[in-house]
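First comes the structure, then the notes that go with it.
The values are calculated or read from the model by the stated rules, or taken from the named source; none is laboratory data. Quick caveat: nothing in here was measured; it's all calculated off a predicted structure. FYI the Cβ positions are ideal-geometry reconstructions off the backbone, even for glycines, and counts take in every protein chain you see. Side chains included, ligands, DNA and RNA excluded: accessible areas come from the protein's heavy atoms. Shrake-Rupley method; radii C 1.70, N 1.55, O 1.52, S 1.80 Å.
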There are 2 protein chains.
Amino acid sequence: MKKIGFIGIGVMGGPMALNLMRAGYELTVYSRTKAKCEAVLAAGARWADSPAACAARQDAALTMVGYPRDVEQVYFGADGILEAVQPGMLLIDLTTTSPELAKRIFAAAKERDADALDAPVSGGDTGAKAGTLAIMVGGEEPAFERAKPILEAMGKNVVYEGPAGSGQHTKMANQIAIAGAVSGVCEAIAYGRAQGLDLERMLATIGSGAAGSWQMTGNGPKMVSGDFAPGFYIKHFIKDMAIASEEAKKTGLSLEMLDGVLGMYRALEELGLGDLGTQALIRYYE
Amino acid sequence: MKKIGFIGIGVMGGPMALNLMRAGYELTVYSRTKAKCEAVLAAGARWADSPAACAARQDAALTMVGYPRDVEQVYFGADGILEAVQPGMLLIDLTTTSPELAKRIFAAAKERDADALDAPVSGGDTGAKAGTLAIMVGGEEPAFERAKPILEAMGKNVVYEGPAGSGQHTKMANQIAIAGAVSGVCEAIAYGRAQGLDLERMLATIGSGAAGSWQMTGNGPKMVSGDFAPGFYIKHFIKDMAIASEEAKKTGLSLEMLDGVLGMYRALEELGLGDLGTQALIRYYE
């Protein structure tokens, strides 16, 4: 496990690829926009002209792209990864995508005597740079054990969650919890503002007790000051929440809070705010 | 400021009164159910037969009762505190109640040349016993400074939030943020359960990142194991959220997440579950 093909060099994939190279892996990269690969190419990565070329003759192929349709294209499309898969190879999708798609990739890999893991991450570009991402992994446990050194070069909290799709399901649970927490912080601030409270003092008072959350500490002050620079894009959060809501409905479960918050974010996206950070939910109340 | 009348010796008021006595204050107490006062009477507090008798000839009168109607009765009713108020006296309502009622008590105290503070607390019975409550205070700042030693005998995070009603408004913001966080944890667990995830592992994975919250750490494991013993009663949370929702609407603000979560809790109360702890929201999804 030394040679890795990495597909999708963006805000997340770029620093993750660099961390793999620092850990001694030989990287070949492919990305839709070659310009985004400058840093990894300068650091010694090779360039490939397609996902298939990137995955060919590698021990493992890793993907970190945008939407489920991109994942589908990169694996199942023309010049896709599956055309280049060899027996014993390891496929790791780091994208947050649908559990159903994760299971399809797992099955396609099995047909070729290869292993696939769904391994979505949490921690944002900061965690990607620092190599401190949480990585939630679904698939077969022996494959997880083989993948562990690779994943631990990019993250700190690397956890095996269960069979194929379980990584994605855990990430969905993560996004559902965020939806509740971020809307709670947002409505608390909207309330406090309407009542004329000193908002910084308010957050400092309530942030250390039962109302406290990462969202309050990390995003609360940005909501108050109007700093909407994206740590995590609204448009990506909408994608994730939509998958979570659909997956829940398939099991007969209606997640009312989630669906409500998803509706608010969609209203913001319709106003053209999809490229703002998720803390811009406060704009919904203005 | 040595002699205090304390009205409302319950799960919260009891340990708070004991902490005041430990700090050297002379306490007189009144409570609807005298049996609940055994511990404080055994510790040396005097008994009074009414709120007025309890507040008479004291430096300060403190109240920690249940609902806004109880606060109203204890201050404005027959044999109420206001009948016994003397110039220079300090009235401190520690109950979570409506900001509007806090302003009425403030005005009534002013008419009698006395000071009133609204000072709702956060931290539950654990915080009350340990003397580590957060206390959010509204009223005039000189009165707050006079009250500070008393409040610091019961709490650690004692903060002046602004004019009369601001303590209650801050507490409302606290409850709004909790509504979001607790529903997020709850829907994440309901989702994970429906998908067959290992829930303890799931919480451990997502609890340390952007989805993390006090609610996830404190209430998540109880939701998973079905431990619904009340740290904070559903019926009291409903009271608080209803006040917050009404206060928001007065300013033209609609808090959709809050109203949604309030509706879920009301459905549970209709099923007779109002005496369970707020983590029993998971029952809504079963």
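Points to keep in mind about this one:
- Among the conditions (1) surrounded by 20 or more Cβ atoms within 10 Å (Cβ to Cβ); (2) more than 7 Å from every other protein chain (Cβ to nearest Cβ); (3) farther than 25 Å from A:Phe232 by Cα, the only one that B:Gly226 does not satisfy is (1).
- Of all residues in the range B:145-168, at least one satisfies being at pLDDT below 95 and not assigned by TED's automatic domain parsing to the domain that holds B:Tyr233.
- The residues listed here are B:Lys235, B:Lys171; of these, the one that is more than 7 Å from chain A (Cβ to nearest Cβ), open to solvent by less than 30 Å² (accessible area, probe 1.4 Å), under 30 Å from B:Leu101 (Cβ atoms) and basic (Lys, Arg) is B:Lys171.
- Leading residue by the ranking (farthest from B:Gly231 (Cα to Cα)) among those in the range A:188-214 that are out of contact with any Leu (no Cβ under 8 Å at 6 or more places or on another chain) and more than 7 Å from every other protein chain (Cβ to nearest Cβ): A:Gly196
- For the range A:72-93, the set of residues classified as of a type outside the set (Asp, Glu) and assigned to a loop (DSSP other than H, G, I, E, B) consists of A:Gly77, A:Ala78, A:Gly80, A:Ala84, A:Val85, A:Gln86, A:Pro87, A:Gly88, A:Met89, listed by residue number.
- Note on the range B:131-144: residues that are touching a residue at least 60 places away in the same chain (Cβ under 8 Å) and either open to solvent by 10 Å² or more (accessible area, probe 1.4 Å) or more than 10 Å from every other protein chain (Cβ to nearest Cβ) (or both) total 1.
- Test: residue in the range B:262-270 that is surrounded by fewer than 24 Cβ atoms within 10 Å (Cβ to Cβ) and at the interface with chain A (Cβ under 9 Å from one of its Cβ atoms): yes
- Check on A:Gly24, open to solvent by 30 Å² or more (accessible area, probe 1.4 Å), of a type outside the set (Asp, Glu), farther than 26 Å from A:Ile234 by Cα and free of Cβ contacts under 8 Å to residues at least 40 places away in the same chain: yes
- Failed condition for A:Thr217, given (1) without any contact (Cβ under 8 Å) to a residue 12 or more places away in the chain; (2) in contact with a Gly (Cβ under 9 Å, 6 or more places away or on another chain); (3) within 7 Å of chain B (Cβ to nearest Cβ): (3)
- Of everything listed in (1) within 22 Å of the chain's Cα centre (by Cα); (2) without any contact (Cβ under 8 Å) to a residue 24 or more places away in the chain, the single unmet condition for B:Tyr265 is (2).
- Any helices (runs of 4 or more DSSP H) falling wholly within the range A:113-216 and containing at least 3 residues that are touching a strand residue (DSSP E or B) at 6+ places or on another chain (Cβ under 7 Å) and among the small types (Gly, Ala, Ser): A:166-194
- Members of the range A:274-284 that are over 20 Å from the mean Cα position of the chain (by Cα) and open to solvent by 30 Å² or more (accessible area, probe 1.4 Å): A:Arg283, A:Tyr284
- The residue pairs whose first member lies in the range B:38-64 and is in the same structural domain as B:Val74 (by TED's automatic domain parsing), whose second member is among the acidic types (Asp, Glu) and open to solvent by less than 20 Å² (accessible area, probe 1.4 Å), and whose beta carbons are closer than 6 Å, counting only pairs six or more residues apart or on different chains, are B:Thr63/B:Asp93.
- Of the listed requirements (1) within 21 Å of B:His236 (Cβ to Cβ); (2) part of a helix (DSSP H, G or I), B:Val65 misses just one: (2).
- Within the range B:174-187, the set of residues being more than 7 Å from chain A (Cβ to nearest Cβ) and over 16 Å from B:Ser122 (Cα atoms) comprises B:Cys186 only.
- Inside the range A:145-158, residues that are open to solvent by 30 Å² or more (accessible area, probe 1.4 Å) and either within 14 Å of chain B (Cβ to nearest Cβ) or free of Cβ contacts under 8 Å to residues at least 60 places away in the same chain (or both) make up a count of 5.
- Of all residues in the range B:248-261, those satisfying the criterion of being out of contact with any Leu (no Cβ under 9 Å at 6 or more places or on another chain) and assigned to a helix (DSSP H, G or I) are B:Lys250, B:Glu256, B:Met257, B:Leu258, B:Asp259, B:Gly260.
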